[in-house]
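Some notes on the structure that comes next.
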């Protein structure tokens, strides 16, 4: 949290004085306070420019242009809570106030993001046709289907961003223009987005060969139809600690046989009957961490899926490791999963809604 002593101005300050404060300080904001430094409003460069365009003179008082109901946060709030609130509200600064409304500091979005930015590139496979979800995906790419109040892909990107993963590469194909138009370069979502454009479908591994310059840090690769609250930071730390060539996320999948299972002995006589036994398996969760040099195993200019790549990667030094996830996870491949994801969304992904109300004033 930064000091605000240089950006506080009185309500009778002029637009020119406010502009000088804004231009002379890296915070790029002026806080209008009274004699006891209680916040009255905020003024940004945009506020002043809009006022000038409307013909307001520079000697007009800032009270004519200030935001008189600024979003603030409690002095006791943690930085991560300030970060979440700024991202939720689409603002870049948020004053911190005490119980009396007195300004005690200010949180800046760039400070909080920079402190946690990771060097890893995330590749999201968003080029599938989603045929099992037809007719929903007849004119909309599957990652753009809304779960809750936003597209699946937006929820994924925002989660990655909140873990400091802001270098995003989207592998697109089917109705790619819709994805590119919505996300652009990612700036409005607090990330940097590049695109891998598949002329033909290349599979979940083949698209990785389109990366022109591989980064030095391991890549996080995931499918664009997965909703999960897995801790990506913990996953990357696990990969670095275990030093695998590839780490794949796995989860338990339980299957109960709906009948009594008959077990025979070597003479084909009944030796036991298990009533509706439960079988448990580990299955791929569609999330991987891959060392850049392992990408060379993937043939270029051809369709190649992830299971085929993992078969080859098993032979690399340190091979393929597993990261079990016990968090919420759903693969939105069919309509029943899509309906379930929408039913779960408010409970799983809006868990911070109360934080906004608690820390916003």
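Only one of the listed residues (317, 324) is in contact with a strand residue (DSSP E or B) (Cβ under 6 Å, 6 or more places away or on another chain), farther than 19 Å from residue 204 by Cβ and loosely packed, with under 15 Cβ neighbours inside 10 Å. That residue is 324.
If you check residue 200 against the conditions, is it touching a strand residue (DSSP E or B) at 6+ places or on another chain (Cβ under 7 Å) and either at pLDDT 85 or above or surrounded by fewer than 20 Cβ atoms within 10 Å (Cβ to Cβ) (or both)? No: the conditions fail for residue 200. Only residues that are out of contact with any strand residue (DSSP E or B) (no Cβ under 6 Å at 6 or more places or on another chain), part of a helix (DSSP H, G or I) and at pLDDT 90 or above were counted in the range 203-213, giving 4.
Restricting 145, 227 to those that are crowded, with 20+ Cβ neighbours inside 10 Å and over 22 Å from residue 299 (Cβ atoms) reduces the list to 227. Looking only at the range 145-156, decide whether some residue is within 18 Å of residue 289 (Cβ to Cβ) and either assigned to a loop (DSSP other than H, G, I, E, B) or in contact with a strand residue (DSSP E or B) (Cβ under 7 Å, 6 or more places away or on another chain) (or both). Yes, the range 145-156 contains at least one residue that is within 18 Å of residue 289 (Cβ to Cβ) and either assigned to a loop (DSSP other than H, G, I, E, B) or in contact with a strand residue (DSSP E or B) (Cβ under 7 Å, 6 or more places away or on another chain) (or both). Candidates are the residues of the range 160-192 that are surrounded by fewer than 17 Cβ atoms within 10 Å (Cβ to Cβ) and assigned to a helix (DSSP H, G or I); the one that is modelled with the lowest pLDDT is 188. Candidates 26, 65: the one that is out of contact with any strand residue (DSSP E or B) (no Cβ under 7 Å at 6 or more places or on another chain) and either buried (at least 21 other Cβ atoms within 10 Å of the Cβ) or not assigned by TED's automatic domain parsing to the domain that holds residue 159 (or both) is 26.
The single residue among 214, 220 that is in contact (Cβ under 8 Å) with a residue 24 or more places away in the chain, over 28 Å from residue 330 (Cβ atoms) and touching a helix residue (DSSP H, G or I) at 6+ places or on another chain (Cβ under 9 Å) turns out to be 214. A residue that is farther than 22 Å from residue 307 by Cα and surrounded by 22 or more Cβ atoms within 10 Å (Cβ to Cβ) occurs nowhere in the range 238-246. The single condition among (1) surrounded by fewer than 17 Cβ atoms within 10 Å (Cβ to Cβ); (2) without any contact (Cβ under 8 Å) to a residue 40 or more places away in the chain; (3) closer than 28 Å to residue 235 by Cα that residue 119 does not meet is (2). Among the conditions (1) at pLDDT below 95; (2) surrounded by 16 or more Cβ atoms within 10 Å (Cβ to Cβ); (3) touching a helix residue (DSSP H, G or I) at 6+ places or on another chain (Cβ under 7 Å), the only one that residue 289 does not satisfy is (1). Being without any contact (Cβ under 8 Å) to a residue 12 or more places away in the chain, on the phi > 0 side of the Ramachandran plot and not assigned by TED's automatic domain parsing to the domain that holds residue 39: is that true of residue 184 here? The answer is yes for residue 184.
The values are calculated or read from the model by the stated rules, or taken from the named source; none is laboratory data. Worth saying up front: this structure is predicted, and the values here are computed from it rather than measured. Virtual Cβ from ideal backbone geometry, glycine too; neighbours counted across all protein chains shown.
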